[in-house]
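Step one of this worksheet: look at the structure below.
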Amino acid sequence: MTDVPLILQVGPLKPSLADALRTEFRAEKLPDDPAERSAWLTAHAGRVAVAVTAYNVGVGPDLMAALPNLRAVLIFGVGYDSTDTAQARERGIGVANTPGVLTDAVADLAVGLLIDTLRGVSRADRFVRDGRWAAGETFPLTREVSGSTVGILGLGRIGTAIAERLAGFGCAIAYHSRGAVDGVPYLYAASPVALAEASDVLVVVVPGGPATEKIVDDDVLAALGPDGYLVNVARGSVVDQEALVRRLTSGQLAGAGLDVFADEPNVPAELLALDSVVLQPHVASATEQTRQVMADLILENLRSFLAGDGLITPVPGSVA
Ligand code: NAP
Ligand code: 8YV
């Protein structure tokens, strides 16, 4: 046992980031195997000063409680719903994420997913590859994107970037957040149901966590109606996935574009079988450029924190 402060990698990270943590900071990786993890924690937990993790793993309540000298958690991603921020606040542990630097990439993918879902880009590609065009079949008409009304649930950084892109398509934009946003030219809806009622397409981009658990419930999907579409680039937890599957399979919803799911990487078999949905493996921020800048921001936070200058991008409510 030594008292040198340790940087701990929790879960998989971008390989170049994991390399930089290991070479520049002598970081160690928490074993994945439960028995090995438990033995590692028994031997080294007291040395861990900083944990570096990603959205899909995080530092949950048990792991955080097992690290008595933890001082900071750095999250590769803007969402921090898998990390116990309440315990961190109580214990004065700083939590930082990577906000802003992935906004454009996520907004681009959301708009691409929306266009694909309404216009059937992936479906038409399958149609051609399957030889159906060559065999004389006609691809069915699809739904116009330009001029449609798009509801944005969560007009934050990414929601705003999506709205700005879609305004360029001549879409009417409505939104719902817990409060109206000053100075935006979009229609404010007082609830998720009111937003869905006003929208042809509902794009979901609120943070995950208990406050937004199934915020898109069956009532919201019903309000969207049989000609309505859902696009989710937020978290699987924010949509009632069973209700979504039911409405899609029964034709009570026209289609969905989904980058996120309730139990990733598992996607319900019913969705895999549906031609009206476009499915993505949680890749909205996954460009070379964005992932590099996210990794750089993690390292900048770490260097700043270790130099005693605090976290550069603490999450709301966190100590810096
Ligand atoms: P942000 O700037 O904090 O925006 C979040 C928005 O959601 C704000 O407008 C906020 O407004 C609203 N909101 C929060 N709680 C709400 C509630 N209970 N009801 C209604 N609105 C609520 O965050 P961001 O950078 O845009 O990121 C948003 C989320 O996108 C992340 O947290 C993450 O889960 C997800 N994301 C996914 C991917 C992906 O790969 N698919 C990539 C990046 C991000 P108010 O506080 O005024 O309500
Ligand atoms: C992930 C995301 O961070 O930022 C978020 O909240 O969901 C994504 O950008 C990314 O997939 C890497 O973990």
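Sparsely packed loop sites in region 1-95 (the trypsin sites (Lys or Arg not before Pro) outside DSSP H, G, I, E and B with at most 16 other Cβ atoms within 10 Å) comprise ARG26. Each listed q (0.23, 0.28 Å⁻¹) maps to a log10 I(q)/I(0) for region 250-315, found by the Debye formula over equal Cα scatterers with no solvent: -0.96, -1.15. Dipole check for the chain: with +1 at the C-beta of Lys and Arg, -1 at the C-beta of Asp and Glu, and the Cα centre as origin, the magnitude is about 460 Debye. When each full DSSP H helix of the chain is screened for a Cα extent of at least 18 Å along its own axis and an average Kyte-Doolittle hydropathy of at least 0.0, the helices passing are 103-119.
Of GLY159, PRO31, VAL216, which is farthest on the positive side of the dipole of the chain, counting Cα position, with +1 on Lys and Arg Cβ, -1 on Asp and Glu Cβ, and the Cα centre as origin? My answer, from the dipole projection, is PRO31. Within the accessible surface of the chain, defined with a 1.4 Å probe on protein heavy atoms only, the carbon and sulfur portion equals 53 percent. Computed extension gain for GLU36 through GLN292, at 0.36 nm per residue and net of the alpha carbon distance, reaches 89.1 nm.
For VAL184, put the label point 7 Å out on the Cα→Cβ axis and report which residues of region 114-146 keep their amide N under 14 Å from it. It comes to no residues whatsoever. Pair-distance distribution P(r) for region 103-279, from all Cα-Cα distances in 10 Å bins starting at 0: 10, 40, 35, 11, 2, 0 percent. Shape index of the chain: Rg/Rh, with Rg the Cα radius of gyration and Rh the Kirkwood radius from the inverse mean 1/r over Cα pairs, equals 1.02. Dipole orientation for region 103-279: of the candidates SER276, THR138, TYR229, THR138 has the Cα lying most toward the positive pole (charges on Cβ; Lys, Arg +1; Asp, Glu -1). Take the Cα of HIS44, step 7 Å along the line toward its Cβ, and report every residue of region 290-308 whose backbone nitrogen sits under 20 Å from that point. Inside the label zone: 299, 302-303, 306. Taking only the C-alpha atoms of region 72-184, the Rg (one decimal) and the largest Cα-Cα distance, Dmax (whole number), read 19.9, 67 Å. Spacing of the modelled spin labels on ALA135 and GLU213, each 7 Å from Cα toward Cβ, amounts to 4.7 nm. A 1.4 Å probe run over the protein chains yields, for region 68-127, 36 Å² of accessible area per residue, whole-number rounding.
The values are calculated or read from the model by the stated rules, or taken from the named source; none is laboratory data. The model shown is predicted, which means the values in this text are computed figures rather than measured ones. Glycine gets a Cβ as well: all are built from the backbone with ideal geometry, and neighbour counts include every protein chain shown. When the accessible area is computed, the model is the full protein with side chains, heavy atoms only, and any ligands, DNA or RNA have been set aside. Shrake-Rupley method; radii C 1.70, N 1.55, O 1.52, S 1.80 Å.
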